[in-house]
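> One structure, pasted below without further comment.
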Amino acid sequence: MLDSSETIAAIASRPGPAPRAIIRLSGPEALAISLGDFRDESGAHLGLPARPCVYAGQIHLTSPTLQLPAKLVLWPGPQSYTGQPVAEVHTIGSPPLVNHLLAHYLASGARLAEPGEFTLRAFLSGRIDLSQSEAVLKVIEARSPRKLQSALEQLAGGVAGPLKSLRDRLLDRLVELEANLDFVEEPDVSPIFRQGLVDDLDEAIHTLNGILNTHRGRDQADARARVVLIGKPNAGKSRLFNALLNHEHAIVSPVAGTTRDYLTAACEFDNVPLTLIDTAGEEIARDAIESAAQDKRAAQLIDADLVILCVPRDELPAFSFLDLSAHQLVITKADLSSNDLPTNALLTSAATGDGIATLQSAIAAALRDLSAHHEASQVGSHWRESLERAAESLSQARAVAAGFHGEELIAAELRLVIDDLGKIVGAVVTEDILDQIFRRFCIGK
Ligand SMILES: Nc1nc2c(ncn2[C@@H]2O[C@H](COP(=O)(O)OP(=O)(O)OP(=O)(O)O)[C@@H](O)[C@H]2O)c(=O)[nH]1
Ligand SMILES: [Mg+2]
């Protein structure tokens with residue numbers, strides 16, 4: 001996958017019928033392959049363009065003989081997404097036609113792209129840095145507006161710029177240090193050089209901590225899964241919320257519409273950290289407060305990782321038409337009736353405590369499943385880990401430099417810092433990091 005000399009191709013638009021589909025090609029032959037059977041509106045073949053351009057016309061295919069209306073968007077040079085020649089073929093979004101066209105490009109010398117390979121090439125050519133590639137993945141996989149927003153922020157604010165200059169400065173210092181190491185007969189570097197080094201390291205620590213703090217806040221907002229309790233008024237959400245937390249947190253009352261604002265509580269079930277959220281009952285709002293409560297409720301749903309629909313056992317038949325595919329169904333107030341249960345429903349009673357522990361484990365298991373499927377939320381941690389390690393080595397280097405230790409020790413710590421920073425800005429990238437990240441993309445991205 002690290003070889004950029006082959007031309008790769010893939011369908012870049014969403015699968016399924018659509019007004020338009022896009023096939024993307026990247027690599028040395030991308031333009032030639034896409035122009036091969038393409039004719040412009042006057043029926044003429046077109047040569048390779050010198051600049052990015054758009055051609056409109058038809059693609060002439062044989063077996064079966066077809067003329068597909070198409071637009072070619074061509075980037076001959078390094079300004080493309082991947083930094084290589086790129087062609088995007090926009091045509092009618094009929095899956096069999098698009099597959100046929102892709103097969104035609106594969107027969108003409110392109111190879112089917114691996115998942116994430118376009119973005120990998122963008123990274124390898126220096127068009128985007130590692131944190132931006134991860135952001136691309138997060139944008140693709142974002143499951144909620146909040147996550148999308150944080151992914152977009154990451155994409156816009158690539159940390160590579162400031163980190164790269166930091167790394168370059170430290171590299172200069174390392175070179176000076178190592179030059180000194182070569183003169184073994186000289187006992188030590190001058191105290192002035194040492195003070196300069198300590199000052200530089202202080203500044204580097206300051207910069208790095210600044211970056212870490214900015215991103216720490218952002219990632220923590222993402223770290224805990226959000227589990228939201230919903231249901232009709234009086235369904236027993238708040239009492240269940242309290243029972244799950246083993247704490248009288250929310251007001252519980254027989255009056256429908258007790259909960260207006262939503263309540264959040266950080267907790268852990270079976271070692272899985274999460275935020276549990278109690279919401280107002282779902283109803284048609286009759287006044288401004290109720291309508292505000294419904295807005296807050298809806299906002300919590302949008303950000304939810306797991307939604308738990310609470311239905312009291314004594315009201316079960318009324319809910320049998322519900323589409324439960326997106327929710328975990330929990331039957332509340334088990335002690336109140338002996339109605340039959342739908343399959344997949346978990347039976348609880350906050351009054352007797354029955355089923356509470358089972359529900360806690362089920363929530364933990366569901367979240368574990370989710371994070372196994374959507375490791376995107378953990379992807380950013382590759383570079384966060386590197387940053388944290390770099391910060392550690394940096395303070396270590398500073399301590400060594402400020403004390404009366406030898407240059408070799410300082411140099412060794414500096415080398416670690418530089419390596420870790422390099423992992424982020426792309427100067428040193430181990431193949432397994434790349435593999436882990438880019439494998440998660442879908443084909444065509
Ligand atoms: N017997 C019994 N009563 C319950 C149980 N859970 C809740 N209740 C009662 O049902 C009523 C409503 O409970 P809440 O937890 O306040 O219901 P809610 O869904 O939060 O209601 P809203 O906040 O109004 O939407 C209260 O009187 C609770 O004591 C249960 O497991 N068994
Ligand atoms: Mg309530």
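Quick note: the coordinates plus some simple rules give every number you see, no bench work behind them. Just so we're clear, the structure is a prediction, and the values are computed from it rather than from any experiment. Virtual Cβ from ideal backbone geometry, glycine too; neighbours counted across all protein chains shown.
> May I ask you to derive the FRET efficiency for D199 and R260 from their Cβ-Cβ distance with R0 = 45 Å, giving the value to the nearest 0.05? Each step should come with its number before you reach the end.
On the way: r = 56 Å, r/R0 = 1.24.
The pair D199/R260 has a calculated efficiency of 0.20.
> On to the next question. Extension gain A18-L409, at 0.36 nm per residue separation less the Cα-Cα distance, in nm? Don't skip to the answer; put the middle values down first.
Numbers: separation 391, 0.36 × 391 = 140.76 nm, distance 6.15 nm.
Extending this stretch completely gives an extra 134.6 nm.
> Residue separation times 0.36 nm, minus the C-alpha to C-alpha distance between A285 and S63: what's the value? Walk me through the numbers on the way to the answer.
Working: separation 222, 0.36 × 222 = 79.92 nm, distance 6.12 nm.
Between A285 and S63, full extension yields an extra 73.8 nm.
> Let me ask you something else. Modelling each spin label as a point 7 Å along the Cα-to-Cβ direction, I'd like the R368/L48 distance in nm, to one decimal.
A separation of 5.5 nm, rounded to one decimal place.
> What ³J(HN,Hα) values, in whole Hz, does the Karplus curve 6.51 cos²θ - 1.76 cosθ + 1.60 give for region 100-112 when θ = phi - 60°, with x put for Gly and Pro?
4, 5, 4, 4, 4, 5, 5, 6, 8, x, 8, 10, 5
> Measure off 7 Å from each Cα along the Cα-to-Cβ vector at D295 and H206, then give the distance between these two points in nanometres to one decimal.
For D295 paired with H206, the spin-label model returns 4.3 nm.
> Computed FRET efficiency, Cβ-Cβ of A103 and N344, R0 60 Å: what is it to the nearest 0.05?
Working: r = 42 Å, r/R0 = 0.70.
The value I calculate is 0.90.
> Which FRET efficiency value, to the nearest 0.05, is calculated for S5 and D40 with the Förster distance at 35 angstrom and r the Cβ-Cβ distance?
0.75
> With a 10 Å radius around each residue's Cβ, average the other Cβ atoms per peptide and rank 360-367, 203-210, highest first. If you can, show how the numbers build up before the last one.
Details: 360-367: 18.2, 203-210: 15.8.
Highest mean packing first, the order is 360-367, 203-210.
> Run the numbers for A179 and H247: contour at 0.36 nm per residue of separation, minus the present Cα-Cα distance, in nm. Intermediate results must be reported in sequence, preceding the final value.
Working: separation 68, 0.36 × 68 = 24.48 nm, distance 6.36 nm.
Contour length minus the Cα-Cα distance gives 18.1 nm.
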